[in-house]
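Written below as structure tokens is the structure these notes are about.
Each value in this text was obtained by applying a stated rule to the coordinates, not by laboratory testing. Worth saying up front: this structure is predicted, and the values here are computed from it rather than measured. With ideal geometry, Cβ positions are generated from the backbone for all residues, glycine too; neighbour counts draw on all protein chains shown.
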Amino acid sequence: MESIYYVMTWLCHRKCVHCYDDRFRPYVRGALDKVVTESATNASRIIANMPDSMTYKDLEKPNPDGSYPERPGRIILAGGEVLLDPIREAVLYPAIEQIVAKYSDTGGVRVVVQTTGDRLTEKILDELLARGIWRVVVSGMDDFHVGHEGGKRDPMIVKLEEMFAAVGMKPSGRRADDTAWTEEEGQIYSIMGAEPDSWIGELWPRGRAWTNELSTADINTNFCSRWSGGLNFLNHGYSGSEISIEPNGDIFPCCLKTKAAVGNLQEEKLTDILDSLAGHPVFEAINSGRPERMGLTHGWDVERFLAESETETPSGKPYRNLCIGCDRFHEKVLGPVIEKLKQQRLARRAAA
């Protein structure tokens, strides 16, 4: 498939006000051991159940003869902060090695490491490149990340650019959410942040961004129809497909994450899960980027979905967004549907 966004750990050295998940934060003592153990224990099985091949057909740029070029997809390894000491050597490095080996004979894969940037050193960069990564994405250069506000981040950006240049890495000519990324060759880097006009834009109504009332999204903001939303998540093997994975192996159609996972990669293969959802009206609506239509076959017309998309912020202000309706549909209707599909898959596997 084109892209897998694998959140390897909840461990982070910050507790940023804009973060979309409360679980990204510092951990200490027993809690730290638990978070690291979860990541280390699950990673190998999760990777084993990723697609047998990460190549996909690019429908956006057909060849002159009308055929579709086949390209290597990408796996983004992110956190939290995957470069922190407890995670880097115990989880990240073995995962990169396993991923590169898994796809070495099936068309390859492009491995991306996402970091906030302030934990990257020359030594770590050398270790990443030696393991065959394709791209480093520095995603913490914004006013929301603690210590990077305003001009504070400028010296760090200069330092990072010098570090990348010293090992021959070139800056990406495209934003990290630009789907034309496949055209770039060599080992590259990009530096970005959660600015109002790029990346997550209006901020997802999730986690601390929700608690701190930072989301400016409204009912017309359809995160589902954007890259890293649910759009095309079922279309593995073709351009536009991406799914998100949590440290325990749960998978989701979008990086925002629906209220319920659609499956777990410790238990089943990713393609088996996705294929079982294909053709189902609920998941096809998500796949089309039309979340307001996911409940049509379950008694939720568009008017009902829009009504369920209304809520209040923590301070009591009116708020409306389709993600809220999606959350409520999962809570009130979809949980048993997902479980039934899972049991059907497991029964077929047992019979086989």
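For the range 1-67, just say rounded, prolate or oblate: build the C-alpha gyration tensor, square-root its eigenvalues into a ≥ b ≥ c, call rounded for a/c under 1.5, and beyond that prolate if a/b exceeds b/c, oblate if not. Could the numbers behind the result be given before it?
Numbers: a/c = 6.58, a/b = 2.10, b/c = 3.14.
Oblate shape, in that a/c is at least 1.5 and b/c is the bigger or equal ratio.
Using DSSP to call loops (not H, G, I, E or B), can you name the GluC sites (Glu not before Pro) in the range 50-156 whose Cβ has at most 14 other Cβ atoms within 10 angstrom?
Counting only loop positions with at most 14 other Cβ atoms within 10 Å, the GluC sites (Glu not before Pro) in the range 50-156 are GLU60, GLU149.
Name all residues of the range 310-352 having a backbone nitrogen under 18 Å from the label point set 7 Å from the Cα of ILE219 along its Cα→Cβ direction, giving them as ranges.
310-313, 317-329
Which whole-number percent is the relative contact order of the range 227-339 (Cα, under 8 Å, 6+ apart)?
20
Suppose R0 equals 30 Å; then what is the FRET efficiency for ALA351 and SER44 from their Cβ-Cβ distance, rounded to the nearest 0.05?
Values: r = 27 Å, r/R0 = 0.91.
For ALA351 and SER44, the calculated efficiency is 0.65.
Using a basic spin-label model with each label point 7 Å from the Cα along Cα→Cβ, how many nm lie between LEU32 and LEU129?
Once both label points are built, they end up 3.1 nm from each other.
I need to check one value: relative contact order of the chain, counting alpha carbon pairs closer than 8 Å and at least 6 residues apart, in percent. Provide the component values of the computation, followed by the final result.
Values: 664 pairs, mean separation 65.3, N = 352.
Result for the chain is 19 percent.
Between LYS317 and GLN343, what FRET efficiency follows from the Cβ-Cβ distance if R0 is 45 Å, with the result rounded to 0.05? List each step's numbers first, then the result.
Values: r = 41 Å, r/R0 = 0.92.
After rounding to 0.05, the efficiency reads 0.60.
Which residue, chosen from PHE283, GLN343, SER315, occupies the Cα position most advanced towards the positive end of the dipole of the range 230-352, where the dipole is computed from +1 (Lys, Arg) and -1 (Asp, Glu) charges on Cβ about the Cα centre?
GLN343
Considering only GLY249, GLY30, GLY279, give the residue with the highest GNM mean-square fluctuation for the chain, with springs between Cα atoms whenever their separation is below 10 Å.
In this elastic network of the chain, the residue with the biggest mean-square fluctuation among GLY249, GLY30, GLY279 is GLY30.
With the chain treated as a Gaussian network of Cα nodes joined by springs under 10 Å, which of ALA261, ALA166, ALA78 yields the largest mean-square fluctuation?
With Cα springs under 10 Å in the chain, the top fluctuation among ALA261, ALA166, ALA78 is at ALA166.
Quote to one decimal, in nm, the extra length available between LYS15 and ASP143 on full extension: 0.36 nm per residue of separation minus the C-alpha distance between them.
44.7 nm
At what distance in nm do the modelled label points of ASP52 and GLU97 sit from each other, each positioned 7 Å from its Cα along Cα→Cβ?
Calculated label separation equals 2.6 nm.
Starting from the Cα of ALA278, step 7 Å along the direction of its Cβ; do the same at LEU59; then give the gap between the two resulting points in nm.
Placing both labels 7 Å beyond Cα along the Cβ direction yields 1.1 nm.
When the label point is put 7 Å from the Cα of GLU331 along its Cα-to-beta-carbon vector, which residues of the range 11-28 have a backbone N closer than 20 Å?
Residues 20-23 qualify, since their backbone N sits under 20 Å from the label point.
Report the FRET efficiency, 1/(1 + (r/R0)^6), for ASP105 and ASP22, where r is their Cβ-Cβ distance and R0 is 35 Å, rounded to 0.05. Please report the intermediate quantities before stating the final value.
Values: r = 41 Å, r/R0 = 1.16.
Calculated value: 0.30.
Stokes-Einstein at 37 °C, 0.692 mPa s, Kirkwood radius from Cα pairs: D for the range 204-350 in µm² s⁻¹?
209
Over 23 Å between Cα atoms, which of LYS102/LYS170; LYS15/LYS342; LYS15/LYS152 qualify?
LYS102/LYS170; LYS15/LYS342
Given the options ILE75, ILE324, ILE219, state which has the largest fluctuation in a GNM of the chain using a 10 Å cut-off (strictly under) for Cα springs.
Its mean-square fluctuation being the largest, the pick is ILE219.
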